[in-house]
Structure formats: C-alpha cells, structure tokens
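Working notes, beginning with the structure itself.
The values are calculated or read from the model by the stated rules, or taken from the named source; none is laboratory data. This is a predicted model, so every value here is computed, not measured. Cβ coordinates were reconstructed from backbone atoms using ideal geometry, including for glycine residues, and neighbour counts include every protein chain displayed. Calculation scope for accessible area: heavy atoms of the full protein, side chains included, ligands and nucleic acids excluded. Shrake-Rupley method; radii C 1.70, N 1.55, O 1.52, S 1.80 Å.
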Amino acid sequence: MSASQRRPSLAPAAAPRTAVVWDDLEPYLSAAPLSVLDIGGGTGGSAVRIAGLGHRVTVVDPSPDALAALDRRAHERGVEVTGRQGDLAEVPDLLDPGSVDLVLCHGVLEVVDDPVGAMAGLRSVLRPEGRLSLLVAQRHAAVIARAMAGHFAQASALLATDPASVPADQRVRAGRRFTAEEASSVLVSAGFAIDSIHGVRVFADLVPGSLLDLEPGATAALVDLERDVASRPEYLPLATQLHLLAH
C-alpha cells in the first residue's frame, strides 16, 4: 500500500515529525477506551489529544509547572487528564500492577540511569495484553548532527554507549542515545517482546522549514516520504528518533 492510500494520521495536520508515531499508535487508539499512561508527558501535547479520543489518560511528570500547564490545556480542550507528580522510577509505586493498557514513554529513557530497570517497572503496570510505545533519540543521527554543527567533541562523546564514561565537559546535555539494537536489547532484557521498530524524522529535520512554507504540497509529500522509509532498516541509522512498540 502506498503512502497516499493509507488512512490519515492522528497527528495534527499529519506533521512530518510526528506522523509515523501516530500511525503506529492508531490501531490501538482506535479501539475501545483504554487506560493510557504518559510518562514525562509534561504539558500534555499527546495526553490531551488522546483523551479527546475518549481514553482515560494519566500523565506522570516530575515538574509541577508542567502539570499545571497540562491541567489548563485539558480544561481548554474540555477533556479530563489525571496528572501525578513523579518520575519514571516511581511508576510502580504510583499505579497498580497490571492496570494500564498503553504506556507512552517518549523522550524519557535518554536521561535514565538504569534503562532496563525503568522498563521493567513500566512492564509491571501494563496489562498482559498491553503495549509500550517507546520513543528514543537515535545515536547515529545525533553523531552526524553534532559533527555537521561543528561540535566534534560532542559527536565523539555520543559514540560512547555509557554516558558516564564521557568526560563531564564533553557530555551532551540531553543524555544518552540508542541504536536500534541497543533499544531492542533494553526492552528484551526488561521482559518485553518487540512488535515493531520504525525510524522517525529520517528527513524531517534536514529539510529547511522555508521550503515547506513556500512550496505547495511539500509538507504532505514529506509526510508520505517519512512513512515510506520508516520501516526500511537501511534508513534507521539516519532517523533522529526510533519508535518501538512492544508487549
């Protein structure tokens, strides 16, 4: 099936940076109302949209300011989202075992000291048939981006699989990055079985915004291209992010 024949993405206006992730989630979010946990969901960019589809959403985030913004956004959209202050390691203490149908862990694993332990904690709150949506920054693309920006020491630091081994003055503030193999290994070690791995933002971060603004149809064509390459393994090393679904 070509990209143009697929159902529209749940992402607003099928945004090039998010369309692949929402495409992956659509089969689950189109089902009966689910109990959804959004780890580090912050101000509710995803949570409020999911709640608008009729699902019960809980956001766990360490920032009280972000949770306050989440509450305001949910109120403005006329939906209910539960916000709870805490971090990834505290999830097993905040939620009952086997109480969640879908967990979103997007952009959080990069700053966790014990990725396997953190994922095992998430698995404990998932129902047996539940799914984990894991979005992580991808190592190879990050190395290239830092090098092209002239930050050569940071590019070299990103090659290390253990951030603690990198001198403090060379560490990248946003934390570790993962290859597809490394992210898969974390999930398998935590007891998950992987359903799919897709590349996200393979080209979206490389295309000038001015081109998308000025060229008619360019954004839609870029979304189609992102969808076309997302599942091709040869493009995974070029993706800014990796999206893994697991159970």
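The table below gives the values:
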| item | result |
| --- | --- |
| Relative contact order %, segment 56-130, counting alpha carbon pairs below 8 Å whose residues are six or more apart | 32 |
| Full-stretch length increase - VAL207, ALA220 - with 0.36 nm per residue and alpha-carbon distance subtracted | 3.4 nm |
| Portion, in percent, of the accessible area of the chain that falls on carbon or sulfur, probe 1.4 Å | 53 |
| Heavy-atom accessible area per residue - segment 43-192, 1.4 Å, Å² | 50 |
| Computed over the chain: relative contact order in percent, which uses C-alpha pairs under 8 Å that are six or more apart | 21 |
| For segment 38-54, 3J(HN,Hα) per residue [Karplus equation, 6.51 cos²θ - 1.76 cosθ + 1.60, θ = phi - 60°, Hz, x = Gly/Pro] | 10, 7, x, x, x, 7, x, x, 8, 4, 5, 5, 5, 4, x, 8, x |
| Stretch gain in nm, segment HIS151-ARG56, where the contour uses 0.36 nm per residue and the Cα spacing is subtracted | 29.9 nm |
| Estimated distance in nm for a label pair at ASP65 and TYR235, the labels positioned 7 Å out from Cα along Cα-to-Cβ | 3.7 |
| Separation of alpha-carbon centers, segment 40-93 and segment 233-247, rounded to whole Å | 26 |
| Estimated FRET transfer efficiency (VAL188, ALA32; beta-carbon r; R0 30 Å; 0.05) | 0.55 |
